[in-house]
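Report on the structure given below.
The values are calculated or read from the model by the stated rules, or taken from the named source; none is laboratory data. Only a predicted model underlies this, so the values are computations on that prediction, with no experimental measurement involved. Cβ sites come from the backbone with ideal geometry, for glycine too, and all protein chains shown count toward neighbours.
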Ligand SMILES: Cc1cc2nc3c(=O)[nH]c(=O)nc-3n(C[C@H](O)[C@H](O)[C@H](O)COP(=O)(O)OP(=O)(O)OC[C@H]3O[C@@H](n4cnc5c(N)ncnc54)[C@H](O)[C@@H]3O)c2cc1C
Ligand SMILES: NC(=O)c1ccc[n+]([C@@H]2O[C@H](COP(=O)([O-])OP(=O)(O)OC[C@H]3O[C@@H](n4cnc5c(N)ncnc54)[C@H](O)[C@@H]3O)[C@@H](O)[C@H]2O)c1
């Protein structure tokens, strides 16, 4: 086997295949583990943990006396450097991978034909097959003046030892919003510019509204429905011109406008794939062709670590020829935007369900009106929204926003994944007084 790209998905697949006795070559020019541990999920969630501590401390005045907090980025940067990324050194990960029996090659790989991969001056021939797990890179919009300026992507934002006084964030998706809130809580003046009509545009409109409301409470300026048309950079920082003629300025500019497959030099055409396609199509065994598998962000079914791991497991079983090998189903895809409150969702949004022609019913409950939400008080914003396919009597989607929205999502993910009848969910006992008890309220509101 040759595994091209050793991010979360590739590392998992390569390690397990080697442990199963296959002769595995794993190739990556950068850090083993990929985006998630070094520039993504892990360090960003450490930042969020720190920012949330600040926000909680500020809530003391309302409920528990008096507290002051002096935000300091230094311990956050230090923790990311020392604990999360080992100063962006992957020796531990490389040793772990090699310990499992993988031959590791630190090179950029090019597919040169079916089963053939070049890495530097070496060419590998894979008898069993090739796994493509090369992830995505930031998609930089063609805004006049942007190219060539020292804008930040998630890499510079995560590596920052000090924070700027102000920042403009282009893009109101998961990356933009999580980092915007972190920076604002550490005292940075933040402006978010989102081209679509609302932030978190892929989620329920109620999620967008809630996100905008809480970000504004954190002092963030949120501009939606307006394109950035020009960028200039000088001694004072960045000025971004918007389509409506306004300008917004920041010492730094973070571009978080989505991700794209990095097909340049990968040689997709050599294995019969379209190098211009936005994603690599895979079947339910995550096969992309003859003796060819693709997994993770490249497959475009949800750019999440849990998706890459899920698909890696499917590829491993398929490759090893396991009887009853699992097949992929994405009907209960969970995702959590780790703002405060966390905004979790699973399956379809109401609009997506309607677009599929389903007979849709929805039920919503508000966290502040639930017993636990009312007790919690400061920082209790959130809601549960259920999307039901009325013909089948099952949940096809749900949103769980709140102080522990990502955790409450677990129950909803089980319901959507397992197609648990709404009737049965209505008869379930929900512990009192928990946040997840608001699911019962939303069910009764259907
Ligand atoms: C700021 C941020 C926060 C995030 N937070 C979360 C989160 O909280 N939860 C979550 O689930 N997801 C999160 N994600 C998304 C998550 O990081 C990705 O979905 C995940 O890393 C995808 O894994 P992958 O294996 O597909 O690709 P990657 O992790 O991107 O790894 C791909 C690897 O392929 C290598 N590669 C590329 N081209 C070649 C080539 N030609 N030859 C050899 N190797 C190559 C790269 O060097 C890289 O190491 C976040 C992402 C970002 C940027
Ligand atoms: N908590 C998590 O699980 C988590 C956190 C961060 C990232 N991620 C993953 O990483 C992926 C990438 O995140 P992202 O936030 O970069 O992408 P995204 O696709 O979620 O959001 C990008 C946003 O930028 C907007 N946009 C595009 N072009 C623009 C322009 N020219 N001007 C202004 N706005 C523009 C889009 O309308 C969109 O709302 C996500 O799809 C997500 O799967 C996940």
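For residue 391, the criteria (1) over 26 Å from the mean Cα position of the chain (by Cα); (2) farther than 25 Å from residue 423 by Cβ hold in every case but one, which is (2). When the residues of region 79-103 are filtered to those that are surrounded by fewer than 18 Cβ atoms within 10 Å (Cβ to Cβ) and touching a strand residue (DSSP E or B) at 6+ places or on another chain (Cβ under 6 Å), the one that is farthest from residue 266 (Cα to Cα) is 98. Listed by position, the helices (runs of 4 or more DSSP H) enclosed by region 1-108 that each have at least 2 residues that are more than 30 Å from residue 380 (Cα to Cα) and more than 16 Å from ligand 2 (Cβ to nearest atom) are 8-19, 91-99. When residue 155 is tested against the conditions (1) surrounded by fewer than 19 Cβ atoms within 10 Å (Cβ to Cβ); (2) more than 11 Å from ligand 1 (Cβ to nearest atom); (3) over 21 Å from residue 278 (Cα atoms), the lone failure is (2).
Could you tell me whether any residue of region 290-305 is surrounded by fewer than 22 Cβ atoms within 10 Å (Cβ to Cβ) and over 26 Å from residue 17 (Cα atoms)? For region 290-305, residues surrounded by fewer than 22 Cβ atoms within 10 Å (Cβ to Cβ) and over 26 Å from residue 17 (Cα atoms): absent. Given the condition near ligand 2 (Cβ under 9 Å from one of its atoms), assigned to a loop (DSSP other than H, G, I, E, B), at pLDDT 95 or above and in contact with a helix residue (DSSP H, G or I) (Cβ under 7 Å, 6 or more places away or on another chain), answer yes or no: does some residue in region 188-198 qualify? Scanning region 188-198, I find at least one residue that is near ligand 2 (Cβ under 9 Å from one of its atoms), assigned to a loop (DSSP other than H, G, I, E, B), at pLDDT 95 or above and in contact with a helix residue (DSSP H, G or I) (Cβ under 7 Å, 6 or more places away or on another chain), so the answer is yes. Let me spell it out: the conditions are (1) crowded, with 20+ Cβ neighbours inside 10 Å; (2) more than 7 Å from ligand 1 (Cβ to nearest atom), and residue 34 meets all of them except one. Which number is the exception? Failing condition for residue 34: (2). Considering only region 325-342, I want to know if a residue exists there that is outside any strand (DSSP E or B), in contact (Cβ under 8 Å) with a residue 60 or more places away in the chain, in contact with a strand residue (DSSP E or B) (Cβ under 8 Å, 6 or more places away or on another chain) and within 19 Å of residue 4 (Cα to Cα). Looking for residues that are outside any strand (DSSP E or B), in contact (Cβ under 8 Å) with a residue 60 or more places away in the chain, in contact with a strand residue (DSSP E or B) (Cβ under 8 Å, 6 or more places away or on another chain) and within 19 Å of residue 4 (Cα to Cα), one finds none in region 325-342, hence no. Scanning region 136-152 for residues that are within 14 Å of ligand 2 (Cβ to nearest atom) and either touching a residue at least 12 places away in the same chain (Cβ under 8 Å) or part of a strand (DSSP E or B) (or both) yields 136, 137, 138, 139, 140, 141, 143, 144, 145, 146, 151, 152. Considering (1) out of contact with any strand residue (DSSP E or B) (no Cβ under 8 Å at 6 or more places or on another chain); (2) in a helix (DSSP H, G or I); (3) within 27 Å of residue 438 (Cβ to Cβ), the lone condition that residue 309 does not fulfil carries the number (3). For region 153-176, the tally of residues that are within 12 Å of ligand 2 (Cβ to nearest atom) and within 25 Å of residue 87 (Cα to Cα) stands at 7. Report whether or not residue 246 is more than 10 Å from ligand 2 (Cβ to nearest atom) and more than 30 Å from residue 382 (Cα to Cα). Yes: the conditions hold for residue 246.
Cβ-Cβ contacts under 9 Å between residues 6 or more apart (or on different chains), taken from a first residue in region 244-256 that is farther than 17 Å from residue 225 by Cβ and more than 16 Å from ligand 1 (Cβ to nearest atom) to a second residue that is assigned to a loop (DSSP other than H, G, I, E, B) and at pLDDT below 95, are listed as 249/236; 251/236.
Go through the residues of region 210-224 one by one and say whether even a single one is within 16 Å of ligand 1 (Cβ to nearest atom) and farther than 30 Å from residue 112 by Cα. Yes - at least one qualifying residue is present in region 210-224.
Whether any residue in region 209-216 is surrounded by fewer than 24 Cβ atoms within 10 Å (Cβ to Cβ), without any contact (Cβ under 8 Å) to a residue 12 or more places away in the chain and under 21 Å from the mean Cα position of the chain (by Cα) is what I want to check. Yes - at least one qualifying residue is present in region 209-216.
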